[in-house]
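Participant: Before I ask anything, here is the structure I am working with.
The values are calculated or read from the model by the stated rules, or taken from the named source; none is laboratory data. Since the structure is predicted, the reported quantities are computational estimates derived from the model, not experimental observations. Cβ: placed from backbone, ideal geometry, glycine included. Neighbour counts: every protein chain shown. Note: accessible area is taken over every heavy atom of the protein model, side chains too, but ligands, DNA and RNA are not part of it. Shrake-Rupley method; radii C 1.70, N 1.55, O 1.52, S 1.80 Å.
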Amino acid sequence: MLTVKDLHKSYQVGKTTYEVLKGVSLTVEKGEFVAVMGPSGSGKTTLLNCISCYIPINSGEIMLGDRQLANLSEDALAKVRNRQLGFVFQDFLLLDGLTVRENILLPAIIGGEQAADRLCGIFGIGAIRNKYPAEISGGEKQRTAVARALINHPLLILADEPTGALDYNTGKAILKLL
Ligand code: ADP
Ligand code: MG
């Protein structure tokens, strides 16, 4: 489903080039749960940002289904991100001005109200769905973020250290939900 081939990515800082990804290849099949592990600074976030096309790559291929992501126009990419990818970040990235329910609903274009309520039920956040992020716990924030990543039935969920900001037990619960 996802195929990454010989991906190279470097950052240019002033006159210095930092090579971060030096020929990364991987495949992810439908239904597969893949964890990328490595020390801080080894390039995990860079890899995820390349796969989501948030940052340009130097060379290599990124295929989602039979589409080459690097060749897509900005418009087409925006559609792929919205419809085929779900994102979960270490620091949740919830919008403070929206309630839990509204945050989950955000990626849905139309007709998502019922889906948001269903996800609130599945994730055990129904009782707090009208609260704002500032009023809920870290575990509840991350459950909201995972629910939001699912609202558009993505092909692929990309999660960058989704348990990094949580204690051990809450982190375990989030992994189980994923
Ligand atoms: P990880 O997520 O595994 O901790 P990162 O992908 O965030 O690692 O970072 C990999 C390396 O790339 C680090 O050495 C980091 O300093 C460097 N790096 C990350 N983002 C940038 C950037 N925008 N500009 C320059 N260097 C960067
Ligand atoms: Mg990182």
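Participant: What do you get when you divide the Cα radius of gyration of the chain by 2.2 N^0.38 Å, with N the number of residues?
Facilitator: Compactness ratio reported: 1.09.
Participant: Under 21 Å Cα-Cα from residue 172, which lysines qualify once same-chain neighbours fewer than 8 residues away are excluded?
Facilitator: Excluding near neighbours in sequence, the set is 44, 141.
Participant: Continuing with the same structure: Using a cut-off of 17 Å between alpha-carbon atoms, which aspartates and glutamates can reach residue 5, once sequence neighbours fewer than 8 places away in the same chain are excluded?
Facilitator: The qualifying aspartates and glutamates are 19, 29, 61, 66.
Participant: Here is a further query. By how many nm would the segment from residue 102 to residue 161 lengthen if fully extended, with 0.36 nm per residue of separation less the alpha-carbon distance?
Facilitator: Values: separation 59, 0.36 × 59 = 21.24 nm, distance 2.34 nm.
Computed gain between residue 102 and residue 161 is 18.9 nm.
Participant: For the Cα atoms of the chain, what angle does the longest principal axis make with the long axis of helix 138-150, in degrees from 0 to 90, nearest 10?
Facilitator: That works out to roughly 70 degrees.
Participant: Further, regarding this structure: What longest range of the chain stays clear of loop-exposed trypsin sites (Lys or Arg not before Pro) (DSSP non-H/G/I/E/B, at most 15 other C-beta within 10 angstrom)? Present the calculation step by step, with values, prior to reporting the outcome.
Facilitator: Details: sites that count: 15, 30, 131.
Within the chain, the longest run free of exposed trypsin sites (Lys or Arg not before Pro) spans 31-130.
Participant: Sticking with this structure for a sec: Percent of accessible area on the chain owned by carbon and sulfur, 1.4 Å probe? Please list the in-between numbers first.
Facilitator: Numbers: 5330 of 10260 Å².
Here it works out to 52 percent.
Participant: Let me ask you something else. For the chain, set up a Gaussian network in which alpha carbons nearer than 10 Å are linked by springs, and say which option among 58, 82, 152 fluctuates the most.
Facilitator: Maximum fluctuation in the GNM of the chain, among the listed residues, is at 58.
Participant: Mind pulling the angle between the C-alpha long axis of helix 113-122 and the longest principal axis of the chain? Nearest 10 degrees, somewhere in 0 to 90.
Facilitator: Taking the Cα atoms of the chain, the angle to 113-122 is about 90 degrees.
Participant: Which value, in Å to one decimal place, does the Kirkwood hydrodynamic radius take for the range 1-66 when every pair of different Cα atoms is included? Let's see the in-between values first.
Facilitator: Details: mean 1/r = 0.0794 Å⁻¹.
Kirkwood radius, the range 1-66: 12.6 Å.
Participant: Can you work out the accessible area per residue across the chain, with the rest of the protein chains kept in place, probe 1.4 Å, in square angstrom?
Facilitator: Working: 10260 Å² over 178 residues.
Solvent-accessible surface per residue comes out at 58 Å².
Participant: Moving on. Provide Rg over Rh for the range 92-138; use the alpha carbon set for both Rg and the Kirkwood Rh (inverse mean inverse pair distance). Spell out each step's value before the answer.
Facilitator: Values: Rg = 10.1 Å, Rh = 10.7 Å.
Expressed as Rg/Rh, it is 0.94.
Participant: On to the next question. Determine the calculated [θ] at 222 nm for the chain from helices alone, applying -39500 (n - 2.57) to every DSSP H run no shorter than 4 residues and normalising by the residue count; nearest 500 deg cm²/dmol. It would help to have the intermediate numbers written out before the result.
Facilitator: Details: 6 runs with 58 residues, N = 178.
The helix contribution divided over the chain gives -9500 deg cm²/dmol.
Participant: What's the ranking of 47-54, 69-76 by average number of surrounding C-beta atoms within 10 Å, highest first? The partial results should precede the final answer.
Facilitator: Values: 47-54: 19.1, 69-76: 12.5.
With the highest mean Cβ count within 10 Å placed first, the list reads 47-54, 69-76.
Participant: Now, a different point. Pairing the Cα long axis of helix 168-177 with the longest principal axis of the chain, what angle in degrees results, from 0 to 90 and rounded to the nearest 10?
Facilitator: 90
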